[in-house]
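Please read the structure below before turning to the comments.
Readers should treat all values here as calculations from the given coordinates under stated rules, not as data from a laboratory. This structure is a prediction, so every number in the text was calculated from the model and none was measured. Neighbour counts run over all protein chains shown; Cβ positions are idealised from the backbone, glycine included.
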Amino acid sequence: LAVEAELREAIQHDQLEPYLQPIVRLDSGELVGHEALLRWNHPQRGVLGPGDFLQVAEDSGLIETIDWRMFKRSLAQAATRPDDGYLTINVAPRHLRREDFDLRLLELLSRTGLPPSRLVIEVTEGSLLDDPERVRAVLGRLQAHGVGIALDDFGTGYSSLSYLHTFPLRMIKIDRTFLAALGKQSNCAAVVSAVIALARALDMQVVAEGIETAEQHRILLGLGCEFGQGYLFGRPAPVGRDGATAARQQ
Ligand code: G
Ligand code: G
Ligand code: NA
Ligand code: MN
């Protein structure tokens, strides 16, 4: 309860902020987009990531307010930065169960002036499977307006990609736990390679997450992975202090 009360204060005092992490083409290093990641500028404890409070935010329902503030800020920022590529936002599962989620998001897009084609929403497998018919309808309407849908943390769930493809997915993001094992466990490369081949056959883009080393970068290139994100290319950073600098210098 202490964390929940503190979170309410954090919302009131505007201590929550989107950090941006660059997403790049793995062959050229070209910047293609950014992921907005929630950070809490805690007055005593410094900058906190979602690991410290996301569960409480979701259980208490505060995540709805927090997410809409994040969406508003990151969409408005992206609208003023036309060279930043696309923006991905993380969407808590409960939003997708709301019939009016797509309408609210489209309204925010028009209010901020961000073209829908520059927005990608990141959803998890769990949030798709929770209420598949309703979620498919909401995502379908967003896709029809040009918003992209990315499947986040792919590989941590249990569903087959062929079933997940019954949702309108533009992109899958390979979870960073796979990257950690890449180069250490040989079967890991086989799994990633199969995921890339299937995604390609289904006409989806693949983004590898959590690339930290040149070795991982090299292996992914060899496997035909097109896009990536990770500390090697840029850490999540507040707008203004540019997290994409490392990517541009490559
Ligand atoms: O940045 P970090 O690695 O700590 O993020 C951890 C998790 O928090 C990720 O799984 C991500 O999906 C989630 N997350 C990050 N930012 C947001 C946000 O703005 N809203 C929601 N709902 N989840 C977020
Ligand atoms: O759940 P989601 O995939 O959205 O969360 C991404 C998380 O991964 C964020 O919390 C982000 O801060 C973190 N992250 C981004 N790049 C790297 C990286 O190269 N290594 C590690 N360990 N974490 C990363
Ligand atoms: Na994400
Ligand atoms: Mn992810």
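Of note:
- Annotation: the stretch 149-194 has a Kirkwood hydrodynamic radius of 11.4 angstrom, from the mean reciprocal C-alpha pair distance.
- Cα-Cα P(r), the stretch 59-137, percent of pairs per 5 Å interval: 3, 15, 26, 24, 18, 10, 4, 1
- Taking each DSSP H run with n ≥ 4 as -39500 (n - 2.57) and averaging over every residue of the chain yields -12500 deg cm²/dmol at 222 nm.
- Percentage of interatomic Cα-Cα distances in the stretch 2-249 larger than 28 Å: 32
- Whole-percent pair-distance distribution, where bins are 5 Å wide, for the alpha carbons of the stretch 91-179: 3, 14, 27, 25, 17, 9, 4, 1
- Taking θ as phi - 60° and the Karplus parameters 6.51, -1.76 and 1.60, the scalar couplings of the stretch 68-85 work out to 5, 5, 4, 4, 4, 5, 6, 5, 4, 4, 4, 4, 8, 10, x, 8, 7, x Hz in sequence order, x denoting glycine and proline.
- Built amide H within the under 5 Å cut-off of Gly33, gap 5+: Ile23, Tyr86
- Dipole of the chain, positive end: most advanced residue of Ala79, Tyr158, His13 [Cβ charges, Cα centre]: Ala79
- In the distance distribution for the stretch 181-244, Cα-Cα pairs more than 21 Å apart total 29 percent.
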